[in-house]
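The values are calculated or read from the model by the stated rules, or taken from the named source; none is laboratory data. All figures in this text were calculated on a predicted structure; none of them were measured in a lab. All Cβ positions, even for glycine, are placed from backbone atoms using ideal geometry, and neighbour counts span all protein chains on display.
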Amino acid sequence: MRHRLGVPSRGTIRDPLQNEEKSSSARDASSARDASSARDASSARDASSARDASSISSLGCIPLLAPRPPRCDSWRSRPALSTGDAVRTARDRAVSHDATMRDLRSDLLAAGGATTRVALRALGHAGRSIRAAVERGDLQSVGRRWVVLPEADQAIITALEAGGVLGGATALASYGVWVTHVPRLQIATRPSTGAGAMTTADRIWAPFEVDAKQWRVGVLDALLQHAKRVPHDDAIASIDSAWHQGLIAEEQIDELFRRLPQRCRPWRRLLEAKAQSGLETLVRVPCLERGWRVESQVAAPGGGFSDLLIDGWLYVEADGSEWHDEPKQAAKDRKRNRAITDRGDRWLRFGYADVVHDRPRTIATIAAVMAQGRPGGSAAGRACSAA
């Protein structure tokens, strides 16, 4: 069959409406099949979920993916602080800061003005509180380990900066122990420290134990360091002072002499716990070494106590002028002197400068009186005293 160019034959021509109806029917059928398949798949999933849930329940477990709780947005609805509340909050924070600073300061004061960061943390202070106090200038940092109060003793700060602690005579002075001649700053330094020599202080290279106030050596180590560096009567005066104040016990004195060089062992018999001042010791020791019998803190005629009684008849006072220059005390001293004289005994009184700066002359004066013998005594007695 021939066709015209571009025109199909009659048998191939289709009605457009008929084609549209057929297409619509095909689409409807396809949609129906898809919907049915979706329903079947959904039913299968539901059935599978039910089986899984049943299995989990039978095993006594919980689902691995628990539903996420709803997000808490309560902070969005939190009301803004009123002006009064803001002021109270700021005031509370300021009070809290002041209380923290008072606690830090009181603990630093209890430690003598300086302590370690570790010690403060052990007392409950947070590291950030300590750092904040340093940044504000309430405390000062010395190296990475120490913190001090701004008004702390400069000797302590110098020793800590030098990698040591107060030692020897400097440490004893900080305890209130008698030191006859206070030298320049002495810094105890452990040999393992590796610190260098100093021009403004003397280093004492030795092992030691620190005091509860960690910026100084313990009393025993301080006495040990001091006794090796001073004349024996000055060393004995310091040991007497520490003993009298209760800073060391008698068994610690025994330990001290075990650690001292052997040449110091004879000093042990010259100690006196009743000595109330270093001046007494500085007079008593030379008198003992001359062979005189010396008693400390003896009840004196006319009331009170005399510092020393030599051979039972010469009363000796060694006083600092700041106390005995007071009018009431001076009157008591005159009354006692008169009572001693009325009894037929003798007395001598020496001041600080006499004992510390002119000790040979002081001892010479005592020797001259002892040579005269007890007033009213026999010539034999005077000769024994002179010997």
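Details
- Test: residue in the range 321-328 that is surrounded by 15 or more Cβ atoms within 10 Å (Cβ to Cβ), in contact (Cβ under 8 Å) with a residue 24 or more places away in the chain and farther than 16 Å from Gly373 by Cβ: no
- Condition met for Trp347 (in contact with a Lys or Arg (Cβ under 9 Å, 6 or more places away or on another chain) and buried (at least 17 other Cβ atoms within 10 Å of the Cβ)): yes
- Qualifying position, being assigned to a helix (DSSP H, G or I), farther than 17 Å from Ser306 by Cβ, among the basic types (Lys, Arg) and over 30 Å from the mean Cα position of the chain (by Cα), among Arg263, Arg284, Arg258: Arg263
- Taking the criterion of being of a type in the set (D, E, K, R), under 25 Å from Leu247 (Cβ atoms) and either surrounded by fewer than 17 Cβ atoms within 10 Å (Cβ to Cβ) or at pLDDT below 95 (or both), the only residue of the range 276-306 that qualifies is Glu295.
- Assessment of the range 166-174 against the conditions (free of Cβ contacts under 8 Å to residues at least 12 places away in the same chain and either in contact with a strand residue (DSSP E or B) (Cβ under 9 Å, 6 or more places away or on another chain) or not basic (Lys, Arg) (or both)) yields at least one matching residue.
- Checking Arg117, Arg105 one by one, the residue that is surrounded by 10 or more Cβ atoms within 10 Å (Cβ to Cβ), under 16 Å from Val148 (Cα atoms) and modelled with pLDDT of 95 or more is Arg117 and no other.
- Answer residue from the range 297-320, given it is among the small types (Gly, Ala, Ser) and more than 38 Å from the chain's Cα centre (by Cα) and is nearest to Arg336 (Cα to Cα) among those: Gly302
- Any hit, the range 216-223, residues being assigned to a loop (DSSP other than H, G, I, E, B), at pLDDT 95 or above and at positive phi: no
- Candidates in the range 179-197 are the residues that are closer than 13 Å to Leu160 by Cβ and not hydroxyl-bearing (Ser, Thr, Tyr); of these, the one that is surrounded by the most Cβ atoms within 10 Å (Cβ to Cβ) is Ile187.
- Test for Ala364: is it exposed (fewer than 15 other Cβ atoms within 10 Å of the Cβ) and either farther than 21 Å from Gly176 by Cα or among the small types (Gly, Ala, Ser) (or both): yes
- Asn337 meets all of the listed conditions (1) under 48 Å from the mean Cα position of the chain (by Cα); (2) closer than 21 Å to Gln276 by Cβ; (3) modelled with pLDDT under 95 but one, namely (1).
- Residues that are farther than 29 Å from Ala235 by Cα and at pLDDT below 90 occur at least once in the range 310-326.
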